[in-house]
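Enquirer: Have a look at this one before I ask anything.
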Amino acid sequence: DHPEKVERAVICASAARLPQFSLMHIRSVVKLMKENVRPELILESSLPWIYGEAFLNDKTRVQAAIKTMLDNPYPQTLGAFEAQVEACEKSDLREKLRRIRAKTLVIAGREDLITPLKCSQFIHEQIPVSKMTIIEDCGHMVQIEKPAVFCEAALSFLK
């Protein structure tokens, strides 16, 4: 809405409109939370949706990720997560993408299930001045799975 305020942008692991299967997954997480399912079980069932195969095969990293999320002193509340899910359900930015005039880098993890590669490719195709970087062996959490690759791509683009 204010293109004069943005010279460059980085869009990472995103979608202009979430696919129905992604919405179904995040709605199911809300249901599990409402049923007071133990957080570690919810995380265990959600990890394949947000992390790639290489990350999931590294038991040390998986346990560290679970521990970090469980030990978060400021966890997202159920109400906040429900609001996030509602925003995802209502959000449809497909018609607005062509209005973006800023030089834009679209970053995607090849194995992202929540916002699949086709979602990032659509964003890239719709923004007139965009570049796309696909990070291999990586899911939705590119900044956690491949932080050095993510930072290098973003920083070199923003320079």
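The values are calculated or read from the model by the stated rules, or taken from the named source; none is laboratory data. None of these values were measured; they are calculated from a predicted model. Note that we place each Cβ from the backbone using ideal geometry, even for glycine, and neighbour counts take in every protein chain shown. We work out accessible area using only protein heavy atoms, side chains counted, and drop any ligands, DNA or RNA first. Shrake-Rupley method; radii C 1.70, N 1.55, O 1.52, S 1.80 Å.
Enquirer: Ala15 fails exactly one of the following numbered conditions: (1) loosely packed, with under 15 Cβ neighbours inside 10 Å; (2) within 19 Å of Lys118 (Cβ to Cβ); (3) touching a residue at least 12 places away in the same chain (Cβ under 8 Å). What is the number of that condition?
Expert: Ala15 satisfies all of (1) loosely packed, with under 15 Cβ neighbours inside 10 Å; (2) within 19 Å of Lys118 (Cβ to Cβ); (3) touching a residue at least 12 places away in the same chain (Cβ under 8 Å) except (1).
Enquirer: Mind listing just one residue for me: the one in the range 93-115 that is in contact with a Leu (Cβ under 9 Å, 6 or more places away or on another chain) and among the hydrophobic types (A, V, I, L, M, F, W, C) and, of those, surrounded by the most Cβ atoms within 10 Å (Cβ to Cβ)?
Expert: If we take residues in the range 93-115 being in contact with a Leu (Cβ under 9 Å, 6 or more places away or on another chain) and among the hydrophobic types (A, V, I, L, M, F, W, C), then Ala108 is surrounded by the most Cβ atoms within 10 Å (Cβ to Cβ).
Enquirer: Please go through (1) of a type in the set (Asp, Glu); (2) in contact (Cβ under 8 Å) with a residue 24 or more places away in the chain; (3) more than 25 Å from Gln126 (Cβ to Cβ) for Glu7 and return the number of the only condition it doesn't satisfy.
Expert: Of everything listed in (1) of a type in the set (Asp, Glu); (2) in contact (Cβ under 8 Å) with a residue 24 or more places away in the chain; (3) more than 25 Å from Gln126 (Cβ to Cβ), Glu7 misses just condition (3).
Enquirer: If you check Lys118 against the conditions, is it open to solvent by 60 Å² or more (accessible area, probe 1.4 Å), farther than 15 Å from Val10 by Cα and not in a loop (DSSP other than H, G, I, E, B)?
Expert: For Lys118, the condition - open to solvent by 60 Å² or more (accessible area, probe 1.4 Å), farther than 15 Å from Val10 by Cα and not in a loop (DSSP other than H, G, I, E, B) - is met.
Enquirer: Give me the pairs, please: first residue somewhere in the range 98-120 and without any contact (Cβ under 8 Å) to a residue 40 or more places away in the chain, second residue anywhere and open to solvent by 50 Å² or more (accessible area, probe 1.4 Å) and assigned to a loop (DSSP other than H, G, I, E, B), beta-carbon distance under 9 Å, and either six or more positions apart or on two chains.
Expert: Sorted first by the residue in the range 98-120, then by its partner, the pairs are Arg98/Pro128; Leu117/Arg110; Leu117/Glu111.
Enquirer: Inside the range 121-150, can you point out the residues that are part of a helix (DSSP H, G or I) and surrounded by 14 or more Cβ atoms within 10 Å (Cβ to Cβ)?
Expert: Those that are part of a helix (DSSP H, G or I) and surrounded by 14 or more Cβ atoms within 10 Å (Cβ to Cβ): Gln121, Phe122, Ile123, His124, Gln126, Val142, Gln143, Ile144, Glu145, Val149, Phe150.
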